[in-house]
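The values are calculated or read from the model by the stated rules, or taken from the named source; none is laboratory data. Everything numeric in this text was worked out from a predicted model, so none of it was measured. We place every Cβ from the backbone using ideal geometry, glycine too, and count neighbours over all the protein chains shown.
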Amino acid sequence: PSISTVSGGTIGYLLFTNAPKHEQLRYPPNKLSALTYRDLYTENEEQSGVWFASALNYIPDLPEPRAFWKGTVIKRKLGNKKFKGNWWEDGLDILARLGYKMAGEKLVAGQRPFQAGIAMLREDACPIAPDVSTGIYTDAARAIIPAVIDMNRGKITYPDNEELDGPTTVMQGSSFSSAFWAAAIVESKLDYGLLKRALIKRQLKRSDSYYILDGGIVDTTGIVNLLRQKTDTIVAFYNNNAGSLKDLESPLAYLFGVLCKTDSQNSLQGPELAQVFPRSLYTKVKKNLTDTNVTGANMMAQLHNIPVLGNKYFGVEPYYLKSLVIFSLEFSNDFLQSLPPELHVRNNIGMEW
């Protein structure tokens with residue numbers, strides 16, 4: 001089976017793929033019943049194993065680059081190690097080394113075909129100005145290319161099937177796919193003027209210069225890249241930076257051609273360019289993913305024999321998708337009740353979960 005990821009999902013898949021068998025990513029053993037999740041954010045160097053969210057120990061409290069690079073934790077653990085990638089790649093390398101005991105240059109894509117979504121924004125279109133009322137960028141068809149990194153081969157491809165030399169390492173590929181921070185820069189005239197040198201830039205063969213952005217800019221779900229391959233069965237785990245699908249539904253709604261408001265990091269191109277499924281299916285899909293009163297749904301939607309609509313922007317050809325299963329990360333009492341009571345998860349979970 002092929003793996004298709006976007007943004008943080010790309011980082012997470014790489015970490016799980018490269019975790020040594022004796023250092024599986026997990027909760028700190030025998031501590032979950034005694035600590036809240038927020039307590040677990042605190043660094044504990046004596047604990048055995050590697051906590052799956054260890055990266056949170058090394059994210060600075062303030063968005064100040066110098067605090068990140070010159071933090072006492074980093075100095076203490078890495079000394080004067082030199083890094084050679086783009087600044088975001090170097091940051092992810094630091095997190096991998098400190099939080100997961102993994103050297104960024106040694107990470108591998110794994111045995112399965114692995115692709116990571118990215119967006120490529122024309123340099124001459126910046127700074128961009130999405131519509132104030134909808135958040136949609138109306139010039140996306142000209143200015144933003146929905147592309148994908150073949151993490152196994154280190155190549156970037158996009159809808160017209162032209163290939164571009166991509167990342168030289170999977171860590172660099174991860175930095176391309178997860179460059180969420182670039183959205184704020186390219187949408188502000190002031191920030192773009194001051195910080196554009198921090199953006200990751202690539203030249204296409206036709207000589208146009210593009211900035212590489214987080215793949216969620218065009219498809220947060222990772223579904224589209226599998227549709228381009230005419231995959232017959234897709235299992236998708238839906239999550240985004242906004243949290244609940246009730247708060248921001250554009251990444252999923254746009255795939256069904258449904259208009260709603262979006263934000264700067266999700267599906268800027270709008271439903272007209274993004275639609276790949278019939279609009280009539282969306283109401284039931286959303287209900288199954290968000291409504292706890294739907295019997296047996298348990299935050300999951302299943303669709304079978306779905307017509308996939310041709311989409312020139314994404315490079316998707318029409319066909320019938322045998323099965324699409326989507327899991328959401330909405331609050332679910334049924335899920336919590338299924339966990340062993342001795343873990344006391346329900347008592348320790350944060351209100352924001």
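Structure data summary
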| quantity | calculated |
| --- | --- |
| Residue 280 in contact with a His (Cβ under 6 Å, 6 or more places away or on another chain) and at pLDDT 95 or above | no |
| Positions within segment 188-217 being touching a residue at least 40 places away in the same chain (Cβ under 8 Å), surrounded by fewer than 24 Cβ atoms within 10 Å (Cβ to Cβ) and either of a type in the set (Val, Ile, Thr) or in contact with a Phe, Trp or Tyr (Cβ under 9 Å, 6 or more places away or on another chain) (or both), in sequence order | 196, 198, 200, 201, 202, 204 |
| Single condition residue 261 does not satisfy, out of (1) buried (at least 19 other Cβ atoms within 10 Å of the Cβ); (2) assigned to a loop (DSSP other than H, G, I, E, B); (3) in contact (Cβ under 8 Å) with a residue 24 or more places away in the chain | (1) |
| Number of the exception - residue 290 against (1) more than 30 Å from residue 185 (Cβ to Cβ); (2) buried (at least 20 other Cβ atoms within 10 Å of the Cβ); (3) of a type in the set (Val, Ile, Thr) | (2) |
| Among (1) touching a residue at least 24 places away in the same chain (Cβ under 8 Å); (2) over 15 Å from the mean Cα position of the chain (by Cα); (3) in a loop (DSSP other than H, G, I, E, B), the one test that residue 220 misses | (2) |
| Answer residue from segment 106-159, given it is part of a strand (DSSP E or B) and of a type in the set (Lys, Arg) and is surrounded by the fewest Cβ atoms within 10 Å (Cβ to Cβ) among those | 155 |
| Contacts under 6 angstrom Cβ, first residue in segment 292-309 being part of a loop (DSSP other than H, G, I, E, B), partner acidic (Asp, Glu) and modelled with pLDDT under 95, 6 or more apart | 298/334; 299/330 |
